[in-house]
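Colleague: Could you have a look at this structure, given as structure tokens, before my questions?
Computed from the coordinates by the stated procedures, all read-outs in this text should not be read as laboratory data. Quantities reported herein were computed from a predicted structural model and do not represent experimental measurements. We place every Cβ from the backbone using ideal geometry, glycine too, and count neighbours over all the protein chains shown.
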Amino acid sequence: MLPGSSQGGGRLLRPAAGIPRYRTLPLRSGEIVVKGGLILKPPKGKSKGTVPLPAEFVAELRTHREVQDLERMMAGAAYAAHGLVFADRMGGPVSPEADWREWQQLEAEAGIEGMYRPHDARHFAATFLLAQGVDVRVVQQILRHSSVRVTEGYAHVASAMARDAADRMGRALPRSESAIDWNDPLGNRE
């Protein structure tokens, strides 16, 4: 039961400046309150679908699933079957604090501690895919953006990268002894 709720369910609102405690609102359709006051919500948007993954990730996810199946079996009826891909050992959502600690560990292992937020990984994915020449509509689908306009917001970064690549290519090309006269590119000098 959530604090201040006599019905056992509600949406927590964080207090604004000067408001000393949380207050609850009724749950919306499809929302489930889980431990720690977290609320599971249905995915945004109207469509459900699969997310294409690189083949290299599939083996890792299968191993992850095997561990999760073992945890589910060991927990028995106590396992919270929410169908989460990433869950704690009892099937509940990973707490934001634990998620943040794991992110910080990954950053430290990569030697980039304190430089990025988890959401920056989505920005990287969008920018990286666009820089690789992946069509903006495909990137939209992969990242599940509601509109291609959201995805196009990353295109300026990819465009700057493409401009930089073109400039580097130009600098790397050998220079000809006789430069082209663009007023007479075929060399028809009279």
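Colleague: Give me the extension gain from ALA160 to LEU143: residue separation times 0.36 nm, minus the current Cα-Cα distance, reported in nm with one decimal.
Modeller: So the extension gain works out to 4.0 nm.
Colleague: If you filter the range 42-92 for chymotrypsin sites (Phe, Trp or Tyr not before Pro), then keep DSSP loop positions with at most 11 other Cβ within 10 Å, what is left?
Modeller: When the chymotrypsin sites (Phe, Trp or Tyr not before Pro) of the range 42-92 are filtered for loop state and at most 11 Cβ neighbours within 10 Å, PHE86 remain.
Colleague: Let me ask something else. Loop-only check: which GluC sites (Glu not before Pro) in the range 92-139 are DSSP coil with at most 16 other Cβ within 10 angstrom?
Modeller: Hits after loop and neighbour filter: GLU113.
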